[in-house]
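Contents: one structure, followed by commentary.
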Amino acid sequence: MKRTSTVIAAVAIVLVIGAALSVSAQNIPAGEDHWVTPGDGSTFFSFPQGDVESLCGAAPSPDWDHAVQLVGVPEPGNDWDTAVLRMEDVNLEDCPTETDIQVMRLEFKSMNPQETPCGELTWAVSLQDEQPITKMKFVPTSDLTSGVFIADIVVRVVFRAMDTSGNYIGDLSYTLELPDHIGVPWSFQGGLYRPGIDEKDNCIHVLREKLAVATGRHKYYIENMIAEGRCEEVASVKTVSLR
């Protein structure tokens with residue numbers, strides 16, 4: 001009888017564990033997603049004519065390259081430069097569903113000094129003030145183990161200009177809207193939520209392109225794809241306008 005009770009207890013424990021795994025595979029807890037911006041020239045920002053000139057009182061001029069190439073500045077002790085917070089848990093059984101998101105960190109710098117009407121400048125880019133809260137929508141596959149998320153991101157950033165001696169010249173502030181019309185794949189592995197990685201372990205290049213007056217492009221990669229070396233194949237590239 002004791003043995004039978006032990007077996008029943010063991011089976012009950014297995015069923016409980018199995019149920020817990022099932023639930024965890026259907027839920028994505030709130031948390032941060034971390035991204036790396038490589039310094040390969042694919043991320044840039046073009047200043048609207050007259051903005052940089054305003055820092056030194058020069059007349060607006062089209063006769064210089066307004067585009068500055070940017071590279072991510074990693075969080076100390078890590079390799080990522082950008083963090084986006086998912087503010088609520090997501091129950092995939094309620095999908096399609098969504099959560100609030102907010103950019104928590106973003107740090108860039110210019111790859112090289114830039115020749116401008118105000119002299120040769122370098123740039124540091126960071127978040128300015130409290131960031132807007134937007135939405136991330138989750139669309140899972142039928143088995144709830146993978147899918148895509150669609151995230152409309154808005155960031156308020158400040159560009160800080162320094163001369164070649166490191167002297168502060170001035171600030172330029174912008175609000176950038178990054179709508180998402182296609183979505184980025186996600187999947188689970190061992191119960192772990194993996195943004196930017198599909199069920200076949202393909203990692204996703206995400207290319208976002210601003211097509212407004214102040215044009216720019218931001219190309220970035222999911223952080224743990226680089227850190228863990230798990231991605232060898234590029235599954236897709238996408239381009240969306242940033243307005």
Can you name the condition, by its number, that Asp171 falls short on among (1) under 30 Å from Asp63 (Cα atoms); (2) at pLDDT below 95; (3) more than 15 Å from the chain's Cα centre (by Cα)?
(2)
When both residues are 6+ apart or on different chains and their Cβ atoms are under 7 Å apart, which pairs have a first residue that lies in the stretch 151-171 and is farther than 30 Å from Ile101 by Cα, and a second that is polar (S, T, N, Q)?
Met162/Thr122
Condition set of a type in the set (S, T, N, Q) and out of contact with any Pro (no Cβ under 9 Å at 6 or more places or on another chain), scope the stretch 46-96, selection surrounded by the most Cβ atoms within 10 Å (Cβ to Cβ): answer is Thr82
Of all residues in the stretch 155-205 being small (Gly, Ala, Ser) and assigned to a strand (DSSP E or B), the one that is farthest from Asp51 (Cα to Cα):
Ser187
From Val139, Val71, residue being within 24 Å of Gln189 (Cβ to Cβ), assigned to a strand (DSSP E or B) and in contact (Cβ under 8 Å) with a residue 24 or more places away in the chain:
Val139
Contacts under 8 angstrom Cβ, first residue in the stretch 77-104 being free of Cβ contacts under 8 Å to residues at least 40 places away in the same chain, partner assigned to a loop (DSSP other than H, G, I, E, B) and of a type outside the set (Asp, Glu), 6 or more apart:
Asp100/Met87; Asp100/Ile133; Gln102/Met87; Gln102/Gln131; Gln102/Pro132; Gln102/Ile133
Can you confirm whether Thr122 is farther than 26 Å from Val184 by Cα, in contact with a Lys or Arg (Cβ under 8 Å, 6 or more places away or on another chain) and at pLDDT 95 or above?
yes
Which ones in the stretch 108-121 are farther than 18 Å from Gly72 by Cα and surrounded by fewer than 20 Cβ atoms within 10 Å (Cβ to Cβ)?
Glu115, Pro117, Cys118, Gly119, Glu120
Can you find, within the stretch 97-106, the residue that is modelled with the highest pLDDT among those that are buried (at least 17 other Cβ atoms within 10 Å of the Cβ) and among the charged types (D, E, K, R)?
Arg105
Pick from the stretch 122-146 the residues that are open to solvent by less than 60 Å² (accessible area, probe 1.4 Å) and either of a type in the set (Lys, Arg) or touching a helix residue (DSSP H, G or I) at 6+ places or on another chain (Cβ under 8 Å) (or both): which of them is nearest to Met104 (Cα to Cα)?
Phe138
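The values are calculated or read from the model by the stated rules, or taken from the named source; none is laboratory data. Model, not experiment: these values are computed from the prediction. Reconstructed Cβ throughout: ideal geometry from the backbone, glycine too, with neighbour counts over all protein chains shown. These accessible areas exclude ligands, DNA and RNA; they are computed on the full protein's heavy atoms, side chains included. Shrake-Rupley method; radii C 1.70, N 1.55, O 1.52, S 1.80 Å.
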